[in-house]
Each structure stands twice: as structure tokens, then as C-alpha cells.
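As C-alpha cells, the structure follows; a few thoughts come after it.
Throughout, read-outs are computed from the coordinates displayed, never taken from laboratory work. None of the values given here were measured: they were computed from a predicted structure. Methodologically, a virtual Cβ is constructed for each residue, glycine included, from the backbone with ideal geometry; neighbour enumeration extends over all protein chains shown.
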Amino acid sequence: MSTTFFLVRHALKEKAIGDVPITPKGVSQAQATARHFSNRPIAALYSSPLRRAKETAEYIALETKAPVQVDDRLRNEQTGGTCPGNLLTSLWPCGSAVRVSLTIDRR
């Protein structure tokens, strides 16, 4: 059996310190990401407790009808700045998704 995980980075956030919301451009990114997943069989959404991550997940939830589950273990540490312009952004842009396929052996 194969299970596919989609890892989605939060949409563009306000340039401020702390738990800030996504920007209007971030809303557009989150909505576009949500449309991308609208016809996929998404069973669950997991989000960090940070506002930007929850807001991004909530847009995806509106399209997929999957519940958002907040998990404190997903809270990230500072990764060197905000989108755009940090090293992580060059590898994984805000509002983008990465597909990860895993085979789960249930022996």
C-alpha cells in the first residue's frame, strides 16, 4: 500500500516579528494551492499552531473538506528570515507543495 503526503509551506506572511497572518498575496497563494488539491483525495490536514500555517491550511480545507488538525510538534524554529529571500525559500517557495510518496509496510 502506498500513502502520499503533500508537504505545503505556508503562504507569504506579513513582514513582522511574531505570529503574524498571511498577506493578501499569501491569500492568493493559499487559494491557488487549495484549488490544486480540490480534486485530490485528501483525508487529513495537519498544521503547526502558527497563524500563517493555520490560515494556509484553512484555505485548503475549504476546497478539500478535510479537517485541519493543529499539532504543536509542527511548529518550526526560525529558519533565517521570512519569505521571500531566505535560503529555504530558494529551495521551497512560499505557498508551494512538495509531493512525498511512502510505502507503508503493515507487517
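Brief remarks on what is shown
- Among the residues of the range 10-41, the one identified as under 19 Å from Asp71 (Cβ atoms) and out of contact with any strand residue (DSSP E or B) (no Cβ under 8 Å at 6 or more places or on another chain) is Asp19.
- Filtered residues of the range 4-62 (kept if of a type in the set (Gly, Ala, Ser) and either surrounded by 14 or more Cβ atoms within 10 Å (Cβ to Cβ) or in a strand (DSSP E or B) (or both)): Ala11, Gly26, Ser28, Ala30, Ala34, Ser47, Ser48, Ala53, Ala57, Ala61
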